[in-house]
Amino acid sequence: MIAITGKGDLVLSLIVLGILCSNCRFTYGKVNTVSKIINGGEAHMVDYPWVVSVRVDNIHACVGSIVTEQHVITAGHCVQYVKSIPIDLDRVSVRVGSTNQYSGGKVLDVSSIVIHSECENFLHDMAILKLSESLEFGPKINKIEVAERDSEVESGTPVIVAGWGLNANGTHSAKLQYLNMTAISNEECDEQVNYGYESILCLQHPLEQGICRGDYGAGIVAENKLIGVASFSFGSCGSQFPDISSRISYYSDWINAWLP
């Protein structure tokens with residue numbers, strides 16, 4: 001696992017290097033360089049019917065959230081070629097209705113991808129996928145309500161995230177895992193990692209728990225509403241630093257412009 005810690009532009013540069021160099025290890029300061037993630041609990045599809053596996057070349061890449069019968073929200077970098085230009089449509093698909101990333105449910109093609117126009121270096125890390133056909137909602141496939149523009153997330157708000165990210169042993173989970181986390185204020189996030197942008201939502205978690213590669217794009221949910229989209233982790237996954245997500249309320253107008 002890549003260990004990346006630091007502040008400001010140095011952090012973003014190292015994050016990008018980490019994605020390009022999966023066998024590299026970067027350290028800065030005192031960091032636990034042992035990969036430990038996600039250490040969550042096994043999820044049941046009826047409890048997380050909005051969760052989907054976003055697949056690239058038919059391999060799980062990220063997580064997404066169903067927000068309409070035909071639309072999924074995920075992280076922009078998951079389907080990004082460069083900036084707001086997506087990778088080829090025929091490379092992207094979505095598995096719905098299954099806790100197993102390898103089987104079950106149904107795999108659907110994607111007919112369009114819209115990435116936020118300012119998506120770069122993990123800022124404005126949002127994308128909307130339009131499915132090739134409409135979903136039939138039921139116990140294992142359903143949408144999650146999107147937070148409104150003026151909705152506030154107070155520091156200390158309990159949130160939940162579910163995904164198929166890396167486990168402590170370095171392998172991807174076959175079954176969907178969930179984890180409870182806590183939203184913190186931008187001021188607290190800025191103090192800890194110098195990353196207090198208005199557009200992001202920081203998530204505190206116990207040591208050796210958190211989001212990791214394969215969980216990015218996952219919905220951050222509080223009170224049955226989608227309030228964030230998982231974007232990246234500082235340091236080794238499960239480090240003492242908060243995880244970063246994009247704040248849904250900040251993008252409300254942009255999201256509504258693309259949804260029916």
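The values are calculated or read from the model by the stated rules, or taken from the named source; none is laboratory data. Values in this document were obtained by computation on a predicted structure and should not be read as measured data. Neighbour counts are summed over all protein chains in view; Cβ atoms, including those assigned to glycine, are modelled from backbone coordinates with ideal geometry. Remember, those area values only see protein heavy atoms, side chains included, never the ligands or the DNA or RNA. Shrake-Rupley method; radii C 1.70, N 1.55, O 1.52, S 1.80 Å.
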Inside region 134-150, the number of residues satisfying the requirement of being aliphatic (A, V, I, L, M) and not in a loop (DSSP other than H, G, I, E, B) is 1
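Among what's in region 210-251 and is out of contact with any strand residue (DSSP E or B) (no Cβ under 6 Å at 6 or more places or on another chain) and not hydroxyl-bearing (Ser, Thr, Tyr), pick the residue that is nearest to Val153 (Cα to Cα). Quick ask: steps written out before the conclusion?
In the first step, residues of region 210-251 are kept if they are out of contact with any strand residue (DSSP E or B) (no Cβ under 6 Å at 6 or more places or on another chain); the result is 223-224, 234-241, 249-251.
Then keep just the ones that are not hydroxyl-bearing (Ser, Thr, Tyr); that gives 223-224, 234-235, 237-238, 240-241.
Values: Glu223: 11, Asn224: 13, Phe234: 21, Gly235: 25, Cys237: 24, Gly238: 22, Gln240: 22, Phe241: 19 Å.
Going through the qualifying residues, I end up with Glu223.
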Could you tell me whether any residue of region 27-45 is open to solvent by less than 70 Å² (accessible area, probe 1.4 Å), farther than 30 Å from Gln192 by Cα and at pLDDT 50 or above? yes
Under 7 Å by Cβ, and 6 or more places apart or on different chains, what pairs join a residue from region 47-60 that is basic (Lys, Arg) with one that is open to solvent by 20 Å² or more (accessible area, probe 1.4 Å) and not in a loop (DSSP other than H, G, I, E, B)? Arg55/Ala61; Arg55/Arg95
Looking at Ala222, is it without any contact (Cβ under 8 Å) to a residue 60 or more places away in the chain, open to solvent by 10 Å² or more (accessible area, probe 1.4 Å), under 24 Å from Asn142 (Cβ atoms) and more than 8 Å from the chain's Cα centre (by Cα)? no
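Going through region 112-128 one residue at a time, which ones are in a strand (DSSP E or B), open to solvent by less than 60 Å² (accessible area, probe 1.4 Å) and out of contact with any Gly (no Cβ under 7 Å at 6 or more places or on another chain)? Break it down stepwise before answering.
Within region 112-128, the first condition is being in a strand (DSSP E or B), and the residues that meet it are 112-115, 120, 123, 127-128.
Those left that are additionally open to solvent by less than 60 Å² (accessible area, probe 1.4 Å): 112-115, 123, 127-128.
Residues satisfying the conditions are Ser112, Ile113, Val114, Leu123, Ile128.
Which one is surrounded by the most Cβ atoms within 10 Å (Cβ to Cβ) among residues in region 229-250 that are at pLDDT 95 or above and over 21 Å from Val79 (Cβ atoms)? Can you show your working first?
Narrowing region 229-250 to residues at pLDDT 95 or above: 229-232, 241-250.
Among the residues that remain, those that are also over 21 Å from Val79 (Cβ atoms) are: 241-242, 249.
Values: Phe241: 22, Pro242: 24, Ser249: 20.
Step by step, filter region 229-250, then rank; the result is Pro242.
Restricting to strands (runs of 3 or more DSSP E) lying wholly in region 151-259: which have 1 or more residues that are closer than 16 Å to Phe122 by Cβ and in contact with a helix residue (DSSP H, G or I) (Cβ under 9 Å, 6 or more places away or on another chain)?
Of the strands (runs of 3 or more DSSP E) lying wholly inside region 151-259, those with at least 1 residues that are closer than 16 Å to Phe122 by Cβ and in contact with a helix residue (DSSP H, G or I) (Cβ under 9 Å, 6 or more places away or on another chain) span 200-204, 219-222, 225-233, 243-247.
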Within region 67-74, identify whether any single residue is farther than 25 Å from Ala147 by Cα and among the charged types (D, E, K, R), and answer yes or no. no
Starting from region 129-144, take each residue that is within 23 Å of His77 (Cβ to Cβ) and open to solvent by 40 Å² or more (accessible area, probe 1.4 Å) and list its partners that are outside any loop (DSSP other than H, G, I, E, B) and of a type in the set (Gly, Ala, Ser), counting only C-beta distances under 7 angstrom and pairs at least six apart or across chains. Lys130/Ser111; Lys130/Ser112; Ser132/Ser111
